[in-house]
Structures are given as C-alpha cells and as structure tokens.
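In what follows, a structure is listed as structure tokens, so that the remarks can point back to it.
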Amino acid sequence: MAKPQQPGLVVRQKSPLNLEFPFASLSDWLVPSEQFYVRSHFPAPRLAADEWALVVDGMVDTPLRLTLDQVGDMPSVTVAAVMECAGNGRVFYEPAREGLQWQSGAVGNAQWTGVLLRDVLAKAGIQDSATEVVLVGADRGVVDGGKKTASPGSIAFARSLPRDKALSDSVLLAYEMNSERLSLDHGFPLRAVVAGWYGMAWIKWITEIRVVRRPFLGYWQARDYFRWDRSFGEPVLVPISEIEVKAQIARPVQGAKVPVGRPYRIFGAAWSGESGIREVLVDTTDGTNWRPATLLGPKTPYGWRLWEFEWTPRELGSHSLRCRAVDEAGRVQPETQQPDRESYLANWTVPVEVSVVSDRDDDEPDFVI
Ligand SMILES: Nc1nc2c(c(=O)[nH]1)N[C@H]1C(S)=C(S)[C@@H](COP(=O)(O)O)O[C@H]1N2
Ligand SMILES: [Mo]
C-alpha cells in the first residue's frame, strides 16, 4: 500500500523560524534533517566557518580559543539521540497555554557527530570548584522580562549543565546531523547535543563555554523552561532537564476512517530521557484493555523506539486509540495532564479518535499500511 505523502514542515512562526515535523509522516527511525523540527528564539546568526571560534573560559586552568579545524581534529563520536522541545504537545493543555502551539511534531530522532564536551573541558582543565558549565549561543535579542522585572535587554540564548552531566558521555558538541554538515537552522557550525534532555539545553550556534562555580540564573534557566518541584516540601523552581517518558501515535491520524474487519497497523514512536523503553501499551476501546505493542528497529541508549500494533476493528463507529510507554526505570507515561509543568512536558496520553467504517465507506485507503 502507498505510504502517506511526506508533507512539508508546518510553519509555527516565520521569524524567528519555528517549524514543526508533521508527526503523521513518521516513517524512518532517523528523521531526515530537512523534515526535522526547528525551534529558534531569535533569527539564526550567520556564522562564517573560518571566522568562528569557540571560547572556553571561567573556572578552567587554561582558557581556550578553538577554531573549527581544531575541533574537527579531535576524536569524533556519533550518537543517535531523540531531541524533543519541552513545549512539544503544548496545544493539548487545557486551558490553553501561551507559547507556540506545538502539536506532536516538535520532536525527532537523529544521528549526531562531533566531539565530547568532556574532551574539550579536559583540554582546558576544569577546576575542582566548578559546579556548572554554561553553553552560550551566538544568537541574541531582547526578551520581555514579564510583570515583575524589567527586560534584561539584549541577551544571548544560554543554558547551563550540571558538572556531572557536562562530563558524561552523553553531551557532544556536534558539527554533523545525519552524516551531513549542520544546517544553518540547526546550529551551524557547532551545537550542543545533550542526549536524554529536552531541546532547550541543546545550544545551537555555540561560541562560548563558561565554567562557573555558582548556579547559572540566565533567562532561559530561571525565567523560562522551569518546572515546580514539590519534593522538598515547599515548592521550588527547578530548571527543566531530563525528557519525560512518552509514546505518540503517528498513524492513524485524528479523524481517520479505518475499515472494519481488516488488520490495521497502528504505528508510532516512544522515548524517555536517560532510560530505554521497556514497553509500549495500546488500548483501542476505553482505556481498560492495554495490550503490548511490538517494539521495532534499533535499540540504542538515547534513540527513540518505533513501535507497531496490529488492530482488527470488529465494530463500526467511533473509537479512541491510546498508547502509553513505560521506561526501563519503571516510569509510566501518565494518562492525564500533570500539574506544576507550566506549559511544558506535555507527556500524557492524547487519544486519537477514529471512525471504523464498512469497506464501502472507506475513502482513505492511503492510511492503511
Ligand atoms: N542558540 C540557540 N540554541 C537553541 C535554541 C535557540 O533559540 N538558540 N533553541 C533551543 C530549543 S528550545 C530547542 S527545542 C532546540 C531546537 O533545535 P532545532 O532547531 O535544531 O530542532 O534548540 C535549542 N537550542
Ligand atoms: Mo524547545
């Protein structure tokens, strides 16, 4: 049967450029770079490869200024990792939340090639008193400081990583995506890959690495991209970090017509931050009969898993299809919206409503695979 068409990216904002991957067109384990979502807070800075340099400073023994060739001469590593915007699925919040109204496609799995951040830090000699590593992008602009604070003026996009994450083998400074040079919109010439963490930590157009002793409180660390944590008693703000466990249905799409009495392939992807996926469960009735889907494709530490579930509907009429992932740490995808997450981390199950029709009514055979 025919594959669904590969429609283009969905434009969520023209300037700065924000594009969504149409999740219904998911087919391969790696999302092609031209189809990968783009999330930018400011217009992309055009950096000339021969003028670009990466400065490493702060709590280091030897501050560095590395050219792109010098980065390229270091040992390279390649990691497959899913990147998800913390705002993915925001459109499903009730009541509606402010911000870009992402559906299910601010996520993708790609192969990233570059150098380990820890190798760069080792060259500079990170001091014992350093607790965080701040990654700074070359893009900058004015942000609205909100009701209580004045705008800080023009500031660069920056986030910090705790020392242990920065020194782990899951953080890269990447110059290639899916075996090709990084494109402008994905961060040319160098971007961070923070496998297991939400996208806001994956700094694009990186030009500075600043090693610091005290927690970094930049705009995107302290005024945006945080959640409330109540495990300390009084609620405290914690910067968003690890990706929550989640499975999404790519097909069928909302409102699809599915022919009765024939096997139909429900298909999607599942991922979780620092853990693998243990299982994906699917329910085709009313949330009471969860059955395991088949996990497909490569299993890697940070890539997503594709999955499928064969469903032969027996009854005509409307059906809600649900999926739910459990990760290897035992974390279960919630079935309902969670509190304390502002407009982020929308990982609860979103049912796909379809109608089962008799063969004669089926006018959308393209969705049957
Ligand atoms: N310098 C810089 N890095 C950035 C951003 C940005 O606006 N500027 N956006 C972040 C966010 S919120 C996400 S989700 C990812 C998106 O990366 P992509 O555009 O390559 O998909 O980049 C992150 N890195
Ligand atoms: Mo994001």
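Some values worked out for this structure:
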{"read-out": "Qualifying residue in the stretch 111-131 (condition: within 16 Å of ligand 1 (Cβ to nearest atom) and open to solvent by 50 Å² or more (accessible area, probe 1.4 Å))", "value": "yes"}
{"read-out": "Every residue from the stretch 190-200 that is within 10 Å of ligand 1 (Cβ to nearest atom) and in a loop (DSSP other than H, G, I, E, B)", "value": "198"}
{"read-out": "Test result for residue 51, acidic (Asp, Glu), open to solvent by 20 Å² or more (accessible area, probe 1.4 Å) and free of Cβ contacts under 8 Å to residues at least 40 places away in the same chain", "value": "yes"}
{"read-out": "Of all residues in the stretch 80-109 being open to solvent by 60 Å² or more (accessible area, probe 1.4 Å) and either within 11 Å of ligand 1 (Cβ to nearest atom) or touching a residue at least 40 places away in the same chain (Cβ under 8 Å) (or both), the one that is farthest from residue 248 (Cα to Cα)", "value": "98"}
{"read-out": "Filter result for residue 33 (open to solvent by 20 Å² or more (accessible area, probe 1.4 Å), over 30 Å from residue 144 (Cα atoms), at pLDDT 95 or above and within 12 Å of ligand 1 (Cβ to nearest atom))", "value": "yes"}
{"read-out": "Condition check for residue 153: surrounded by fewer than 24 Cβ atoms within 10 Å (Cβ to Cβ) and free of Cβ contacts under 8 Å to residues at least 12 places away in the same chain", "value": "yes"}
{"read-out": "Some residue of the stretch 186-201 being at positive phi, open to solvent by 40 Å² or more (accessible area, probe 1.4 Å) and in contact with a Gly (Cβ under 9 Å, 6 or more places away or on another chain)", "value": "no"}
{"read-out": "Residues being assigned to a strand (DSSP E or B) and either open to solvent by 10 Å² or more (accessible area, probe 1.4 Å) or of a type in the set (Asp, Glu) (or both) - total across the stretch 255-273", "value": "2"}
{"read-out": "Residue match in the stretch 158-166 (condition: on the phi > 0 side of the Ramachandran plot and out of contact with any Asp or Glu (no Cβ under 7 Å at 6 or more places or on another chain))", "value": "no"}
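Here is a yes/no grid of residues against (1) within 30 Å of residue 294 (Cα to Cα); (2) outside any loop (DSSP other than H, G, I, E, B):
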{"site": "188", "(1), (2)": "no, no"}
{"site": "210", "(1), (2)": "no, yes"}
{"site": "216", "(1), (2)": "no, no"}
{"site": "222", "(1), (2)": "no, yes"}
{"site": "231", "(1), (2)": "no, no"}
{"site": "234", "(1), (2)": "no, no"}
{"site": "244", "(1), (2)": "yes, no"}
{"site": "247", "(1), (2)": "yes, yes"}
{"site": "253", "(1), (2)": "yes, no"}
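The values are calculated or read from the model by the stated rules, or taken from the named source; none is laboratory data. Keep in mind it's a predicted model, so treat the numbers as computed, not measured. Neighbour counts are summed over all protein chains in view; Cβ atoms, including those assigned to glycine, are modelled from backbone coordinates with ideal geometry. Note: areas computed on protein heavy atoms with side chains; ligands, DNA, RNA excluded. Shrake-Rupley method; radii C 1.70, N 1.55, O 1.52, S 1.80 Å.
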